[in-house]
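Below: one structure, written as structure tokens.
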Amino acid sequence: MKTVFIEDQKEIDEIINSCDLCHLGVIDIEGRPYVVPMNFGYLDGYIYLHGANFGKLIDSLKNNPDACITFCTDTVLAYQNVEVACSYRVKGKSIVARGTIEFINDYDKKVDALNSLMAQFTDRKFTYNSPAVKNVEIYRMKLDDFTAKEFGKYNEQTFPWMKRHGR
Ligand SMILES: Cc1cc2nc3c(=O)[nH]c(=O)nc-3n(C[C@H](O)[C@H](O)[C@H](O)COP(=O)(O)OP(=O)(O)OC[C@H]3O[C@@H](n4cnc5c(N)ncnc54)[C@H](O)[C@@H]3O)c2cc1C
């Protein structure tokens, strides 16, 4: 099996849209890496994030807006020989994106961002009360510096038996 880069924007969008969760990596105020799981929205080439307007994460981002966001699809276990550990692979697609976090203060843009977050889970439409929108911290990162890869892609040269078995 092999690892290949993914360049097709449709496939990249599919990876992101298939995820409920991303992982946001930041630099904390002591200069140490800090990674947390986050829900997200994906709109017009930006990843939108939301959360409390206080805490270690926000303190870190206000101190240093550099960030890294990763996505990973659901994974599938594959193996060449069930008894050989080294023949096991976990197949999946992932994205590693880096950029700068920008905080959103405009009320209507915050609502758009919240809608993009909800759209990741449901087609239902929502309204939001004004204090909730004002109090929530919304921030985004442009998705323009990233790599996407597929791991464990079928490779006939390495595992010709897989073709025989239709794996
Ligand atoms: C499935 C899932 C989805 C989530 N979605 C969101 C989201 O959309 N928005 C959002 O703001 N948060 C989300 N969270 C929570 C998020 O991961 C952080 O916990 C949260 O943002 C608070 O971070 P903080 O640094 O401000 O917390 P603080 O309370 O300031 O952190 C204090 C300490 O708690 C520890 N800590 C913080 N978060 C975690 C964690 N997730 N797991 C283990 N230890 C932790 C750290 O060691 C930290 O030093 C989600 C968590 C999960 C599991």
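If you go through the stretch 3-41 one residue at a time, how many are in contact (Cβ under 8 Å) with a residue 12 or more places away in the chain, within 12 Å of the ligand (Cβ to nearest atom) and open to solvent by 40 Å² or more (accessible area, probe 1.4 Å)? Number satisfying all stated conditions: 8.
Take residue 79 and decide whether it is within 16 Å of the ligand (Cβ to nearest atom) and hydroxyl-bearing (Ser, Thr, Tyr). Judged against the criteria, residue 79 is not a match.
The test for being at pLDDT 95 or above and either in a loop (DSSP other than H, G, I, E, B) or more than 25 Å from residue 111 (Cα to Cα) (or both) holds for residue 53.
Only one of the listed residues (44, 59) is under 18 Å from residue 137 (Cβ atoms), free of Cβ contacts under 8 Å to residues at least 40 places away in the same chain, of a type in the set (Asp, Glu) and open to solvent by 20 Å² or more (accessible area, probe 1.4 Å). That residue is 59.
Each row is one residue, and each column tells you yes or no for (1) under 30 Å from residue 135 (Cβ atoms); (2) of a type in the set (Lys, Arg).
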site	(1), (2)
56	yes, yes
64	yes, no
68	yes, no
79	no, no
86	no, no
97	yes, no
100	yes, no
114	yes, no
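The values are calculated or read from the model by the stated rules, or taken from the named source; none is laboratory data. Worth saying up front: this structure is predicted, and the values here are computed from it rather than measured. Cβ: placed from backbone, ideal geometry, glycine included. Neighbour counts: every protein chain shown. Quick note on the areas: whole protein, heavy atoms, side chains included, nothing else; ligands and nucleic acids left out. Shrake-Rupley method; radii C 1.70, N 1.55, O 1.52, S 1.80 Å.
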